[in-house]
Amino acid sequence: MARIPQETIEQIFSTARIEEVIGEFVQLKKSGSNLKGLSPFNNEKTPSFMVSPVKQIFKDFSSGKGGSVVTFLMELEQMTYPEALRWLANKYNIEVPEERPQTAEEIEAGNHREAVYLISEVANKWFQEQLHHSDEGRAVGLSYFKERGFSDETIAKFQLGYSPEKADAFAQYAIESKYNEKALEDSGISMNGDRGWYDRFRGRVMFPIHSISGRVLGFGGRILKNNVKAAKYLNSPENPIYHKSKVLYGLYQAKQEIVKKDEAFLVEGYTDVLSFHQNGVHNVVSSSGTSLTEGQIIMLKRYSSNITLLYDGDAAGIRASFRGLDMMLEAGINVRVVPFPDGEDPDSFAQKHSNEELEQFLAQQRKDFISYKTSVLLEEVGNDPLKRAEMVRDVVGSISKVPDAIGQEVFIKEAAKILDIDPRALHEELARLLDAQNRQARRKQADETPMEVLPSTEKVSTPFGHHQEEKVIHLIVARGVEDMLEEDLDPEEVVPISITEWAVENIEKDNIPFETPIFQRMYDLVKSELEAGHVPDSAWWIMQEDPEVVEVATKALTEPYVLSDWKRKDIHLPLERNTIKDLVQETVLRFKSIWVERKLNELKVQFNAANVDVDYYMTAFDKWNKVRQQINEELNRIV
């Protein structure tokens, strides 16, 4: 794959806005001069994910991750550095030099996950071509979509396609085109059995399933023949890139509208999503017929904590989904339900009504989940007192999943009104359940805590001078381009030297290495840039390809201020610009001091060994003790 020129990389970084890009994946809200939201990497209830538009960095304080807009995409979507750059280039209409096609050897040698991504993208384009440009595709697949009322715009927006009846049509195309056969098989698009290659989705219309950044992860396929032996809908199997418990169909197309409306509609099927989109309701996603999972809930909550479930008039369907909905309540999501009339589902209802009628229906029929669940169960139990008592416990069990006391109180009152029961009885049951949950949680914690923590036989330690090495690198990253000048000197009468140049010059003078590998790598990068006549600024660090380098740079740019507006909290930090020279000198001297202490410790260990030259070691001790005294004197003058 052709390397992206440096000038193009710089153009991408200077054009892309981190708040715009991350805003497509995380619902961000203003917090002083920064933005905050729920972590996309951890399941959390209190936002600790911060974005700095000024510095063009993000910091996730729950997971410790941080970096640039590129490393965000690399971490969240498992993209490579070039792929993330090309994704941004496409978003901001920046022209990237043409890539040369990959050879079979390059595909074989490449990362396996990327090979599966590649074959999935190839299949998606091929299915679309079959739908629009083959006789079978137009006669069978396209006519089906048209009969269902889907417009050309909807078909194109969701990249719908068609897989031919021929058993090995795509497999034959992929193999003849020299694509990776292992990736083809692992993707689940085609399989290789005793009778050779055959396609999973033959004779089906195709619904590509996208990641939140638009990459194709897998497919859903609907058979069009009345064949009782074949499943009506067939999904891709779990594979290196497709994990159905963490994917929602239509989220790629819906995410911006979900953030804008601060609400997501959740439906069951692919065509439900298509019909709603075509009708003008764009904040809709589908669980693709699977039970709702914790991963899907976490993903959807990034965009909104308000989720409305849209199901057909079959109460049994709602009944079967109650467990997943309890999980949503536990996650702090405001769950509501819109039941459709008997014989209708979201797809058919949207097709028969105008946008105004559909939105009016959704607004009028919304019910909070607890109220709806209570009503559904009440109809089921009738006048049976035993079933009614069990139903009350079931409803209170759902209320116990609500994480805040105020929400619990609201739902208790609502349920008591519907059930015509004394709220005190519900409160007593709620207290009993919460107490039982707390006891269970304590037992689980006790079971998971070992009786005796044995010392590990594996030595895992931080290098001796890690902290001081980190401080040196942080200064170089965050303040490196500033000048090291005395306050009372006239800048026009002296040759200015940057903090980076001064630090490197003083470290090189004593030829001091860094023990921590990442800090040594960053120091080597600095030296290389200085030799080329360039003093790296913070923006240069953020553009680096190595995610570990960018993460350290981000930490340097978020400490000690950690993206907070301390002045608003009446916490006043010293103005470092008034003491920057002393700060840099002290940091470098303490870094040297650690190195000297390391040398002295090494000498002590060697001296205790047998058959040592006492005179040599006494001379060496004296030398390094004098260096230590000199550094301490310098530090006292600074402090």
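For this structure, a couple of remarks:
- Nearby lysines by direct alpha-carbon distance to LYS592 (threshold 22 angstrom, same-chain neighbours under 8 apart not counted): LYS471, LYS509, LYS527, LYS581, LYS604, LYS623, LYS626
- Near the amide H of LEU224, within less than 5 Å, lie the amide hydrogens of VAL205, all on another chain or at least 5 residues away, with H placed in the peptide plane.
- As a calculated quantity, the FRET efficiency between GLU344 and ASP422 at R0 = 51 Å, using C-beta atoms, amounts to about 0.85.
- Residues ASP272, ASP546, ASP262, arranged from fewest to most other Cβ atoms within 10 angstrom of their Cβ, appear as ASP262, ASP546, ASP272.
- When each of LYS146/LYS232; LYS417/LYS444; LYS260/LYS367; LYS146/LYS246; LYS36/LYS367; LYS30/LYS255 is checked by Cα-Cα distance, pairs over 25 Å: LYS417/LYS444; LYS146/LYS246; LYS36/LYS367
- The GluC sites (Glu not before Pro) of the stretch 121-176 that meet both conditions, a loop assignment by DSSP and at most 15 other Cβ atoms within 10 Å of the site Cβ, are GLU165.
- If the segment from GLU294 to GLU95 were pulled out straight at 0.36 nm per residue, it would be longer than the present Cα-Cα gap by 67.7 nm.
- Backbone geometry of the stretch 27-33 corresponds, through the Karplus equation with coefficients 6.51, -1.76 and 1.60 at θ = phi - 60°, to 3J(HN,Hα) couplings of 6, 10, 10, 4, 9, x, 8 Hz, x marking Gly and Pro.
- Relative exposure of ILE406, ILE399, ILE212, ILE518, judged by other C-beta atoms within 10 Å (fewest first): ILE406, ILE518, ILE212, ILE399
- Database remark: amide H of PHE265 closer than 5 angstrom to the amide H of VAL284, VAL285, THR308 (H placed geometrically; neighbours at sequence offset of 5 or more, or on other chains; Pro and chain starts carry no H).
- Karplus-derived 3J(HN,Hα) values for the stretch 517-524, using 6.51 cos²θ - 1.76 cosθ + 1.60 with θ = phi - 60°, are x, 5, 5, 5, 4, 5, 5, 4 Hz; glycine and proline are entered as x.
- Electrostatic bookkeeping for ASP199 treats Lys and Arg as +1 and Asp and Glu as -1; over the other residues with beta carbon under 11 Å from its beta carbon, the sum is +2.
- With N as its number of residues, the stretch 365-446 has a Cα radius of gyration that, divided by 2.2 N^0.38 Å, comes to 1.14.
- Percent breakdown of C-alpha pair distances by 5 Å bin, ordered from the shortest bin, for the stretch 243-365: 2, 12, 24, 27, 21, 12, 3, 0
- The phi torsions of the stretch 526-536, fed into the Karplus equation with coefficients 6.51, -1.76 and 1.60 and a -60° offset, translate into couplings of 4, 4, 4, 5, 5, 4, 8, x, 10, 9, x Hz, rounded to whole numbers, with Gly and Pro shown as x.
- Amide H contacts of ILE209: LEU217, GLY218, PHE219, GLY220, each under 5 Å away and 5 or more positions distant or on a separate chain (H built 1.01 Å from N in the peptide plane; Pro and chain starts excluded).
- Sorting TRP541, TRP502 by the number of Cβ atoms found within 10 Å of their own Cβ, with the fewest placed first, yields TRP502, TRP541.
Since every read-out is calculated from the coordinates, none of them should be taken as a lab result. Keep in mind that this is a model prediction, so the values were computed, not measured. Because the Cβ atoms are built from the backbone with ideal geometry, glycine has one as well, and the counts that use them run over all protein chains shown.
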